[in-house]
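Asker: Pasting a structure below so you can have a look.
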Amino acid sequence: MGTTSELGDFLRNRRGEVRPQDAGLTAHSPRRRVTGLRREELALLAGVSVTYYTRLEQGRASSASDSVLDAIARALRLTDDETAHLKDLARPGPVRQPPAERPEYADRSVRQLLAAMTEVPALVLDRRNDVLAWNRLGHALLAGHLDRHGPDRPDVRPNLTRLLFLDDRFRTLYADWSEEARRAVASLRLTAGRHPHDRRLAELVGQLVIQSREFASLWARHPVSTCTSGVKHFRHPRVGAMELSFENLLIPGGSGRRVIAYSAEPRTPSEAALRLLGGSTAERAKDRGGEPERHRPASQSRYDPFSSGPPSDAPEAGEAERSGTVPSVLSSFCTPPSPPRPLR
């Protein structure tokens, strides 16, 4: 993703949303061709020269200070998240040779934590919203139609944002899909600004722009916001309507991985539905010869949740890429903002 064009697109989009009269300016010409602020008007409000602002919008001013960017943010009435995004775009880090990509896996201790959370749907995501692990109830809640062991294999690992826009069954899970889609794109924008040189992230965006008109339309509007906690309304095919709270818990270490856990208010129909889902999931596991998640021997599972590193049948780092089996990530839901509560 080119940060120069992203910065210009973002500033032009936000200029177009602020009317001169709302900013205390008078639109002198009755034949004004633009509804938003002109460059010279924004420069006046921010207290910078038109020449400097033009260079900034064109990506030719790489050392903008906090004071200048804060002044522009105030003139454009940006939120805190949008201001942070502006600074990310205006001052991208140096382009470095990226290290050889290795498949990511959830750490042993985190997988153990998920396995112990038998009554709470939970999953581990990377910064691109690839699912690195989920417990049995998390899988049943979000993607029971997919292979439960999919997160163990990088070549078939599900991505929540891709599912949201390209998987019809996942899409119908949300009672308010439009709001869910807006939040997903807004948080993905924030992540893209923080990691402008992430090739796989750029490929994810590229695939979604090409394959989903709805994603492309939302992406072009440049929504930006964090999504650390809140409420989601589900229409689950097995247990019906549920209103679940969710929390994003950032895993320390700087990788951008996080745990998302869902819960229901006590003594509500949603709690009853969640318990029903958990009970039916456990019964299905027993019918298939499985055991409760915490006590299932590694010999019966494709992936021992208590082992460290990748599953024994996972491809070596780079093997899948060399063989061409990894699908393009062109092909993220709440990404970690700045930052969510650490997981202790």
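The values are calculated or read from the model by the stated rules, or taken from the named source; none is laboratory data. Predicted, not measured: the structure shown is a model, and the values here were computed from it. FYI the Cβ positions are ideal-geometry reconstructions off the backbone, even for glycines, and counts take in every protein chain you see. The protein model used for the area step is the full one, side chains on, heavy atoms only, and it has no ligands, DNA or RNA in it. Shrake-Rupley method; radii C 1.70, N 1.55, O 1.52, S 1.80 Å.
Asker: In segment 157-218, which helices (runs of 4 or more DSSP H) lie fully inside it and hold 3 or more residues that are at negative phi, modelled with pLDDT under 95 and open to solvent by less than 20 Å² (accessible area, probe 1.4 Å)?
Answerer: Once the helices (runs of 4 or more DSSP H) in segment 157-218 are filtered for at least 3 residues that are at negative phi, modelled with pLDDT under 95 and open to solvent by less than 20 Å² (accessible area, probe 1.4 Å), what remains is 177-194.
Asker: A further question on this structure: Are there any pairs, at least 6 apart or on different chains, whose C-beta atoms fall under 9 Å, with the first in segment 13-30 and within 30 Å of Leu218 (Cβ to Cβ) and the second modelled with pLDDT under 80 and aliphatic (A, V, I, L, M), and if so, which?
Answerer: Once the first residue is within 30 Å of Leu218 (Cβ to Cβ) and sits in segment 13-30, its partners that are modelled with pLDDT under 80 and aliphatic (A, V, I, L, M) give Arg15/Val34; Gly16/Val34; Arg19/Ala27; Pro20/Ala27; Gln21/Ala27.
Asker: In segment 123-144, is there at least one residue being open to solvent by 60 Å² or more (accessible area, probe 1.4 Å) and in a loop (DSSP other than H, G, I, E, B)?
Answerer: No: segment 123-144 contains no residue that is open to solvent by 60 Å² or more (accessible area, probe 1.4 Å) and in a loop (DSSP other than H, G, I, E, B).
Asker: When you go through (1) at pLDDT below 95; (2) under 25 Å from Ala184 (Cα atoms); (3) open to solvent by 20 Å² or more (accessible area, probe 1.4 Å) one by one for Val239, which number turns out not to apply?
Answerer: Here Val239 clears every test but (1).
Here is a yes/no grid of residues against (1) within 15 Å of the chain's Cα centre (by Cα); (2) closer than 17 Å to Pro223 by Cα:
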{"position": "Leu142", "(1), (2)": "no, no"}
{"position": "Leu146", "(1), (2)": "no, no"}
{"position": "Asp152", "(1), (2)": "no, no"}
{"position": "Leu163", "(1), (2)": "yes, no"}
{"position": "Thr172", "(1), (2)": "no, no"}
{"position": "Ser178", "(1), (2)": "no, yes"}
{"position": "His195", "(1), (2)": "yes, yes"}
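Asker: Sticking with this one: Please enumerate the residues belonging to segment 221-265 that are outside any loop (DSSP other than H, G, I, E, B), within 21 Å of Arg108 (Cα to Cα) and of a type in the set (Val, Ile, Thr).
Answerer: Those that are outside any loop (DSSP other than H, G, I, E, B), within 21 Å of Arg108 (Cα to Cα) and of a type in the set (Val, Ile, Thr): Val259, Ile260.
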